[in-house]
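Each reported figure results from applying straightforward, stated rules to the coordinates on display, with no laboratory input. Keep in mind that this is a model prediction, so the values were computed, not measured. Cβ atoms come from the backbone with ideal geometry, glycine included; neighbour counts cover every protein chain shown.
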Amino acid sequence: MRKQLTVGSLIAGRSPVQTPAPTPVSGNMPETTGRAGSFSRLQTKPQTTIKRKQVTVKQHDQTISVEQAPCQTLLQAALAQGQPLSYKCRQGYCGKCRVLVVSGTSLLDAPTKQESEKLDQKLASGYRLACQSTFRSTILD
Ligand code: FES
C-alpha cells in the first residue's frame, strides 16, 4: 500500500487516505521481444487493405486512375494523389482539363451547367471537365 495525499487528507484532523497501488496493465497489449525500442518487433494483426474505387480517365494519350474522393473535383483529387492532369483556369472555361472517362463514371455527379455548355456534344461521348466533375458525396460499395 502506498500513502497518497488528497485535498481531504490535508484538512486538520483527517488521516491521509490510503489507496491501492496501481496494478500493471496486461492482457490486451501486444507482446514484444522484451527489448527496449524494438517497435518493429511488435506482434500485431495483419493490416487490412481497403481498396477504394477509382475513376480512370484518358488525357493526351495518357491513362490516369484517380481514387474516389467524395465532394472533390476530379482535378483536385488527381492533383492531391500526384496524378499529372493538364489544366488551366479551373473554372470550366478553357477546356484544358478535358478528359475521356474510361471507367468509374458512376462515381461522379452529373455534369454541371458550365461543363455541359463547354463540352456540348463531347459530353455524350464520355468526355468531362476534370475541374468541374465532382465525386459523389457518398462512397459507393
Ligand atoms: S481547367 Fe479550364 S476548364 Fe477545367
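Before moving on, here are some points about what is shown:
- A search for C-beta distances below 6 Å between a residue of the stretch 68-89 that is farther than 22 Å from Ser137 by Cα and any residue that is within 10 Å of the ligand (Cβ to nearest atom) and of a type in the set (D, E, K, R), counting only pairs 6+ apart in sequence or on different chains, returns Ser86/Lys96; Tyr87/Lys96; Lys88/Lys96.
- Of all residues in the stretch 125-141, those that are near the ligand (Cβ under 9 Å from one of its atoms) and assigned to a loop (DSSP other than H, G, I, E, B) total 3.
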